[in-house]
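To keep things clear, I will list the structure first and then write my remarks on it.
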Amino acid sequence: MIWTAVLCGFLIDCLLGDPEKMPHPVVLMGKAISRLEKWLRRHLPQTPKGERTGGIILAVTLPLGTLLISGGLCWLFWWIHPLLGLALQSFWCWQALAMRCLAKESRNVYRCLKNEGLPAARKAVARIVGRDTAELSEQGVTKAAVETVAENFSDGVLAPMIYMLIGGAPLALTYKAINTMDSMVGYKNEKYLYFGRAAAKLDDVANYLPSRIAALLWIVSCPLAGGSLKNAWKMWRRDRRKHASPNSAQTESACAGSLGVQLAGPASYFGKLVEKPTIGDALREIEPEDILRTNRMMVVSSVLGLVIGLAIHIGIVFSVWGPHWIL
């Protein structure tokens with residue numbers, strides 16, 4: 001049943017994306033994180049040790065609670081009727097994926113660059129990046145959009161797909177809880193230096209293998225979307241560790257190499273310039289069309305990842321349990 005739910009979720013994401021009015025589990029996770037953080041900060045000492053303890057409690061409670069609640073509901077729906085269980089799993093698999101949303105938002109940046117001007121493009125890219133965008137040039141806006149698609153291919157598409165193939169929608173939602181937690185508290189600033197450390201480390205572990213698989217898929221897929229496999233492999237081997245996170249530069253380096261452009265470098269966050277190394281070689285200047293090229297590579301990599309993942313999943317189920325368990 002898992003493979004059917006994954007396939008259905010992927011196809012629905014391709015067709016509908018993420019409707020703005022529809023309730024989303026990540027929104028509930030965000031509210032839970034905020035409330036639990038406030039409660040922990042009120043009841044634990046405001047010391048490095050106390051904040052580390054609170055961060056550990058958060059990093060254990062949210063993923064475990066997500067797994068138990070979503071797993072329990074999936075079991076209950078399946079117990080009522082298998083088709084009801086399949087429907088719920090498919091729905092949550094859809095919500096765990098973000099391929100169409102990434103493509104839509106980045107294409108909106110491209111459309112603004114081509115038709116509405118730089119101020120509109122800055123506002124559009126601000127919807128999908130965490131850096132300051134008010135002073136970005138056209139190349140800066142383009143680079144930010146390309147980097148976001150490349151990086152989020154791993155944690156917004158490939159990683160949840162891997163986890164749902166292993167443990168269905170409950171495990172995929174558990175991964176999303178970890179990822180959401182890191183995006184909210186996993187900062188090395190004064191507020192979260194100690195409190196967010198456990199969440200950040202847990203996210204590093206959860207993304208370690210998926211990010212590398214995502215990069216390899218990107219490299220293999222890029223010729224089908226007009227990229228350079230040879231240069232993608234070269235830049236990935238050379239630059240995949242050029243990031244404070246052990247995972248973020250994996251797909252960025254493959255993307256930079258496939259396009260023949262230079263990504264990353266210094267960026268401003270909350271008014272403060274952060275020095276970061278560049279990724280890739282500037283064989284040519286980055287241009288708005290690179291946003292569309294990056295989207296094509298993401299889509300091809302996603303489909304290839306789905307096909308390989310389903311084949312492995314079905315093969316394992318068939319060999320262990322027999323043909324009747326595949327359905």
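Listed values, structure above:
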{"read-out": "Gap separating the Cα centres of the stretch 1-16 and the stretch 78-104, nearest whole Å", "value": "6"}
{"read-out": "Qualifying aspartates and glutamates (Cα of each under 15 Å from Cα of Lys114; at least 8 residues distant if same chain)", "value": "Glu105, Glu138, Glu287, Glu289, Asp290"}
{"read-out": "Global geometry of the stretch 177-327, whether rounded, prolate or oblate, following the gyration tensor of its Cα atoms and the 1.5 cut on a/c", "value": "oblate"}
{"read-out": "Distant-in-sequence amide H partners of Thr278 (H built 1.01 Å from N, under 5 Å)", "value": "Gly265"}
{"read-out": "Kyte-Doolittle mean at least -1.0, axial Cα span of 20 Å or more - DSSP H helices of the chain", "value": "2-16, 25-43, 48-80, 82-96, 138-153, 159-185, 197-221, 289-321"}
{"read-out": "Residues of type lysines that Lys49 reaches as a straight line, Cα spacing below 20 Å, ignoring anything fewer than 8 places off in the same chain", "value": "Lys38, Lys188, Lys191, Lys201"}
{"read-out": "Cα Rg, Dmax, the stretch 236-291, angstrom units", "value": "11.6, 33"}
{"read-out": "Mean ellipticity per residue at 222 nm, deg cm²/dmol - from DSSP H runs of n ≥ 4 across the chain, formula -39500 (n - 2.57)", "value": "-24000 deg cm²/dmol"}
{"read-out": "Shape category assigned to the stretch 25-325 from the gyration tensor of Cα positions, a/c cut at 1.5", "value": "oblate"}
{"read-out": "Rounded to the nearest 20 debye, dipole of the stretch 25-325 from Cβ charges on Lys, Arg, Asp, Glu", "value": "420"}
{"read-out": "Computed over the chain: relative contact order in percent, which uses C-alpha pairs under 8 Å that are six or more apart", "value": "21"}
{"read-out": "Where only alpha carbons of the stretch 35-132 are counted, the Rg and the Dmax (Å)", "value": "20.9, 55"}
{"read-out": "Descending principal axes extents, the stretch 11-60, alpha-carbon based, whole Å", "value": "48, 18, 13"}
{"read-out": "For peptides 260-267, 193-200, sequence by mean Cβ density within 10 Å, most packed first", "value": "193-200, 260-267"}
{"read-out": "Too-long pairs where the Cα-Cα distance tops 18 Å, listed order kept, from Lys123/Lys276; Lys143/Lys276; Lys31/Lys123", "value": "Lys123/Lys276; Lys31/Lys123"}
{"read-out": "Calculated P(r) of the stretch 122-239 - Cα pairs past 22 Å, %", "value": "48"}
{"read-out": "Cα lying deepest toward the dipole's positive end in the chain, options Leu229, Leu113, Tyr269, charges on Cβ", "value": "Tyr269"}
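Read-outs: derived from the displayed coordinates by stated rules, not from any lab. Source: prediction; values computed, not measured. With ideal geometry, Cβ positions are generated from the backbone for all residues, glycine too; neighbour counts draw on all protein chains shown.
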